[in-house]
1. Pairs under 7 Å by beta carbon, first residue free of Cβ contacts under 8 Å to residues at least 40 places away in the same chain and within 14 Å of chain B (Cβ to nearest Cβ) in segment A:129-144, partner more than 10 Å from the ligand (Cβ to nearest atom) and of a type in the set (A, V, I, L, M), six or more apart or different chains?
2. Given the residues A:Y123, A:Y155, which is the only one that is open to solvent by less than 20 Å² (accessible area, probe 1.4 Å), within 22 Å of B:W133 (Cα to Cα) and in contact with a Leu (Cβ under 8 Å, 6 or more places away or on another chain)?
3. Answer yes if at least one residue in segment B:113-125 is away from chain A (no Cβ under 14 Å) and small (G, A, S), and no otherwise.
4. Could you identify the single residue in B:G148, B:G138 that is open to solvent by less than 50 Å² (accessible area, probe 1.4 Å), within 14 Å of another protein chain (Cβ to nearest Cβ) and part of a loop (DSSP other than H, G, I, E, B)?
5. Within 25 Å of B:K143 (Cα to Cα), out of contact with any helix residue (DSSP H, G or I) (no Cβ under 6 Å at 6 or more places or on another chain) and of a type in the set (A, V, I, L, M): which single residue out of B:A92, B:A96, B:A58, B:A19 fits that description?
6. Tell me which residues, restricted to segment A:90-108, are assigned to a loop (DSSP other than H, G, I, E, B) and either open to solvent by 40 Å² or more (accessible area, probe 1.4 Å) or of a type in the set (S, T, Y) (or both).
7. Would you confirm whether or not segment A:178-186 contains a residue that is out of contact with any Leu (no Cβ under 6 Å at 6 or more places or on another chain), in a loop (DSSP other than H, G, I, E, B) and away from the ligand (no atom under 13 Å from the Cβ)?
8. Does A:P117 meet the test of being within 14 Å of another protein chain (Cβ to nearest Cβ) and either open to solvent by less than 40 Å² (accessible area, probe 1.4 Å) or without any contact (Cβ under 8 Å) to a residue 24 or more places away in the chain (or both)?
Amino acid sequence: MEIKSQQSSMNIDLHEGRLIEELKRSSCEMMPEPSEWLDEEIKRNIIVSTVDKLLNWGRKTSLWTETAFTACCTFEFISLSSPRFDIARFGMEVLRSSPRHADLIITAGTLTWKMAPQIKRIYDQMAEPKWVIAMGSCGISGGIFADSYSVVPGYNRILPVDVYIPGCPPRPEALMAGIERLRKKIEKKSFTKVD
Amino acid sequence: MTTTMKGKQVFDMLKGELASAIVEVQDECLVVKPAKLTEVAGFIKHTQGLEFDYLSSATGIDYPDYFEVVYLFYSLEKNHRFTLRIRCADKADPVAPSLTCLWMGADLQEREIYDLLGIKFSGHPLLKRIFMWEGFEGHPLRKDFKNGF
Ligand code: SF4
């Protein structure tokens, strides 16, 4: 037994010696380019990018919308989410009933003061980063109900709005243009620089 | 087919004290003194041949000199309809009798009238706002209502 363990410890020493010799030899040679020593499989699966680009790409291509719609503009949104206009192209077809999963709230519809606390609460429950699109005249300013005793004159009274889409209601194309604007806005955000 | 009873027709059926409760006989409706409303309404609900067992709607109107409450009745039995109106002359503090004792369906409608026009219904089991929130000032469907926001 004694001899065997001596032999195996000898083997370890030999192995170590070989490694050191090899490293010593290669230290005298030029270091190869990564593309030469990476194997083919890895080469095809690595992209070199910046942190900003990567995170912004992830955010803008998976804008999950909260299902909190209050009035008629909703039907244009429904139409947008159906196959004809197909927001699945933007990675937005997932409508979330839970604010914890949502990134975007599209204010499709007239907001009454009685409904306002609920919308505010939903917004507060959403995790950062989150965005707001004010859709339709009602979402922007209260629209034809701006003077009403019961209507909030614009969602921006209670939420910070990122993009405004005018119309009563805006057509799905307009909504797509608004979403495109929001994607542009998200792209500009930088994580590495202080604004 | 649904028919509408004439004001004259119904007025002729009212006798004695009830007839004196009528302020005005109109083509298809009767204007009643507010104090006598429950009696007249009870009469048209329970009298053979009238049987207005369903209060299909109640609403309020703000006129320059008075508030009016309009009750639209319907008879599921006889398939005819009729209208009663009352006028509350006191514009500062209008009060009307509640019809919840005869038609429970008057409950929400009267609360709506109270909420939006500020007419109080005496005898209502739970007279509080229904559309506007507690703490809202004024009654928004009054002509003199000013939106403060
Ligand atoms: S903007 Fe027009 S369509 Fe949209 S919620 Fe207001 S009234 Fe309805």
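1. If the second residue must be more than 10 Å from the ligand (Cβ to nearest atom) and of a type in the set (A, V, I, L, M), the pairs left are A:G142/A:V152.
2. Of A:Y123, A:Y155, the one residue that is open to solvent by less than 20 Å² (accessible area, probe 1.4 Å), within 22 Å of B:W133 (Cα to Cα) and in contact with a Leu (Cβ under 8 Å, 6 or more places away or on another chain) is A:Y155.
3. Checked against the condition, which is being away from chain A (no Cβ under 14 Å) and small (G, A, S), segment B:113-125 yields at least one hit.
4. B:G138
5. Exactly one of B:A92, B:A96, B:A58, B:A19 is within 25 Å of B:K143 (Cα to Cα), out of contact with any helix residue (DSSP H, G or I) (no Cβ under 6 Å at 6 or more places or on another chain) and of a type in the set (A, V, I, L, M), namely B:A92.
6. Listed by number, the residues that qualify are A:E93, A:S97, A:S98.
7. Scanning segment A:178-186 turns up no residue that is out of contact with any Leu (no Cβ under 6 Å at 6 or more places or on another chain), in a loop (DSSP other than H, G, I, E, B) and away from the ligand (no atom under 13 Å from the Cβ).
8. So A:P117 fits the description; yes.
The values are calculated or read from the model by the stated rules, or taken from the named source; none is laboratory data. Remember, predicted model here, so these are calculated numbers, not experimental data. We place every Cβ from the backbone using ideal geometry, glycine too, and count neighbours over all the protein chains shown. What goes into the accessible areas is simple: the full protein's heavy atoms, side chains included, and nothing from ligands, DNA or RNA. Shrake-Rupley method; radii C 1.70, N 1.55, O 1.52, S 1.80 Å.
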